[in-house]
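Enquirer: Before anything else, here's the structure in question.
The values are calculated or read from the model by the stated rules, or taken from the named source; none is laboratory data. None of these values were measured; they are calculated from a predicted model. Positions of Cβ are backbone-derived with ideal geometry, glycine not excepted, and every protein chain shown enters the neighbour counts.
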Amino acid sequence: MTETEKPKRPQQVYTLLVQVGRKPGDGLPKGATGAGILCYATGVDEEEAVRETVALLRAADLAPLDVTGYGTLEDRLAEGHEVPEEERKLMARALAENAVIVAEMTPFLEDEG
């Protein structure tokens, strides 16, 4: 390895919760003010995972407003989170495919008052 080469850092999977707003053509249901999207994204660090996720959601005509990172599986377990097998499988798939996996999308609906 030469001095200019950096050691390759391993990809990890991060759990991200992205809030999106409305945008024409976003595919959200009528009456929704936005949505919360749970994603598992790979990156050498959480910042890279966030950048990749935001880019993917923008390419899908969504309008990301805010991203909350919950760390890697190890981070979540250390904080006492229960991580069901289904989530672990999605995380493993994200790592194997070096991808962003959208696990769940919850529209925020206006109150009909």
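Enquirer: Filter segment 10-60 down to the residues that are modelled with pLDDT of 95 or more and acidic (Asp, Glu), then identify the one that is nearest to residue 83 (Cα to Cα).
Expert: If we take residues in segment 10-60 being modelled with pLDDT of 95 or more and acidic (Asp, Glu), then 46 is nearest to residue 83 (Cα to Cα).
Enquirer: Additional query: Being assigned to a loop (DSSP other than H, G, I, E, B) and touching a residue at least 60 places away in the same chain (Cβ under 8 Å) is true for just one of 29, 24. Which residue is that?
Expert: The conditions single out 29.
Enquirer: If only one of 97, 79 is under 11 Å from residue 13 (Cβ atoms), without any contact (Cβ under 8 Å) to a residue 60 or more places away in the chain and exposed (fewer than 11 other Cβ atoms within 10 Å of the Cβ), which one is it?
Expert: 97
Enquirer: Out of all the residues in segment 65-86, which are in contact with a Leu (Cβ under 9 Å, 6 or more places away or on another chain) and under 16 Å from residue 101 (Cβ atoms)?
Expert: Matches in segment 65-86: 67, 69, 70, 83.
Enquirer: Kindly list the number of the only condition in (1) in a helix (DSSP H, G or I); (2) within 17 Å of residue 14 (Cβ to Cβ) that fails for residue 58.
Expert: It fails just one condition, (2).
Enquirer: Could you tell me which of the residues 42, 68 is in contact with a helix residue (DSSP H, G or I) (Cβ under 7 Å, 6 or more places away or on another chain) and touching a residue at least 40 places away in the same chain (Cβ under 8 Å)?
Expert: Just one listed residue meets the conditions, 42.
Enquirer: Ok, one more. Looking at segment 61-75 only, could you name the residues that are loosely packed, with under 15 Cβ neighbours inside 10 Å and out of contact with any Asp or Glu (no Cβ under 8 Å at 6 or more places or on another chain)?
Expert: 65, 66, 68, 74 - these are the residues of segment 61-75 that are loosely packed, with under 15 Cβ neighbours inside 10 Å and out of contact with any Asp or Glu (no Cβ under 8 Å at 6 or more places or on another chain).
Enquirer: Among the residues of segment 37-53, is there at least one that is farther than 21 Å from residue 8 by Cβ and loosely packed, with under 11 Cβ neighbours inside 10 Å?
Expert: no
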